[in-house]
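Here is the structure we will look at.
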Amino acid sequence: MIFSHLSYKGFINEYFESLPKAGRGQSKKLADHLGDSTVVSSQTLKGERDFSNENAFKTAQFLKLNSFETQAKKA
């Protein structure tokens, strides 16, 4: 599923929505995992903010992505 997205935000939002109860509470769990507020996490997934490299790595861990799925695409 991850390779069908150009944006990590679209992937994460679609993944959460695919979970039982449409992923209710997953954004809070992710924010807790990152040590961020839910506001910052929401602004990142729905808005103009981007994850730092550290938070991107932690998000990949949270989503249990494998090493192939987490490789950065070279421009």
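The values are calculated or read from the model by the stated rules, or taken from the named source; none is laboratory data. All values derive from a computational prediction rather than experimental measurement. Cβ placement follows ideal geometry from the backbone for every residue including glycine, while neighbour counts extend to all protein chains displayed. Please note that ligands, DNA and RNA were not included when accessible areas were found on the heavy atoms of the full protein model with its side chains. Shrake-Rupley method; radii C 1.70, N 1.55, O 1.52, S 1.80 Å.
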**Message:** So for the chain, averaging the separation of alpha carbon pairs under 8 Å that are six or more residues apart and normalising by length, what relative contact order in percent results?
**Reply:** 24 percent
**Prompt:** P(r) for the chain: what percent of alpha-carbon pairs falls in each 10 Å bin, starting at zero?
**Reply:** 18, 58, 24, 1
**Asked** How much net charge surrounds Q26 when only the other residues with a Cβ under 15 Å from the Cβ of Q26 are counted, with Lys and Arg +1 and Asp and Glu -1?
**Response** +4
**Request:** Could you tell me what percent of the accessible area of the range 20-75 is made up of carbon and sulfur, with a 1.4 Å probe and every protein chain present?
**Result:** 51 percent
**Fill in**
Rounded to whole Å², per residue accessible area for the range 1-58 with a 1.4 Å probe reads 70 Å²
**Message:** Can you tell me which of A22, A60, A31 moves the most in a GNM of the chain? Springs connect C-alpha atoms under 10 Å apart.
**Reply:** A22
**Request:** Could you check the simple spin-label distance between E69 and E17, using points 7 Å along Cα→Cβ, in nm with one decimal?
**Result:** 1.8 nm
